[in-house]
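Everything below concerns the one structure shown next.
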Amino acid sequence: MPRRLFLLLAGLLSLGLGVASTGAIAMLNYIEGSLKQTHVEGLDSPRASTGPRSDLEGQVLNVLVIGSDSREVLSDEKQVLDGDETLVEGQRSDTIILVHLDPRRGKAVLVHFPRDLRVEIPGHGLDRINTAYNRGGPS
């Protein structure tokens, strides 16, 4: 009897791991397909689209991650929020994270900027950092 119980538990564990692995792979593929890279004028891309370049091995890499709340794909009716008849146009960054990768330290450092942080936006004065994306794009 103990051998049957062991085999049953081993089989259930294997099945559970298979289901969890399949779900994790599907989720990663979904997330990867949702990401979009944008070239910023005046900056050379440190990485080729196919992966790391050999001449950059071991160098520090800084990546700015911006999540946009653009509503351009929504109909006019769906853009109206909470009964307010005003259309919400443009796009604002709802997530701003600076990722610093230093291979010598062997870890990443992430700095999150609050979306309501007030900063000087060139040509527009003092405003929330999340409006800068709407006014000037990623650059």
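Determine how large the accessible area of Val19 is when every protein chain is in place; take a 1.4 Å probe and give Å² rounded to the nearest 10.
That residue has around 100 Å² of solvent-accessible surface.
Could you go through region 122-133 in sequence order and give the Karplus-derived ³J(HN,Hα) for each residue, using 6.51 cos²θ - 1.76 cosθ + 1.60 with θ = phi - 60°, rounded to whole Hz, and x for Gly and Pro?
In residue order, the calculated couplings are x, x, 10, x, 7, 7, 5, 4, 6, 7, 4, 5 Hz.
Assuming R0 = 25 Å, what is the FRET efficiency of Asn29 and Arg105, from their Cβ-Cβ distance, to the nearest 0.05?
0.25
What residues qualify as long-range amide H neighbours of Ile121, i.e. H under 5 Å apart, gap of 5 or more or another chain, H built at 1.01 Å from N?
Here the answer is Leu126, Asp127, since their amide H atoms fall under 5 Å of that of Ile121.
The values are calculated or read from the model by the stated rules, or taken from the named source; none is laboratory data. Worth saying up front: this structure is predicted, and the values here are computed from it rather than measured. Methodologically, a virtual Cβ is constructed for each residue, glycine included, from the backbone with ideal geometry; neighbour enumeration extends over all protein chains shown. Surface areas here come from the heavy atoms of the whole protein model, side chains and all, with no ligands, DNA or RNA. Shrake-Rupley method; radii C 1.70, N 1.55, O 1.52, S 1.80 Å.
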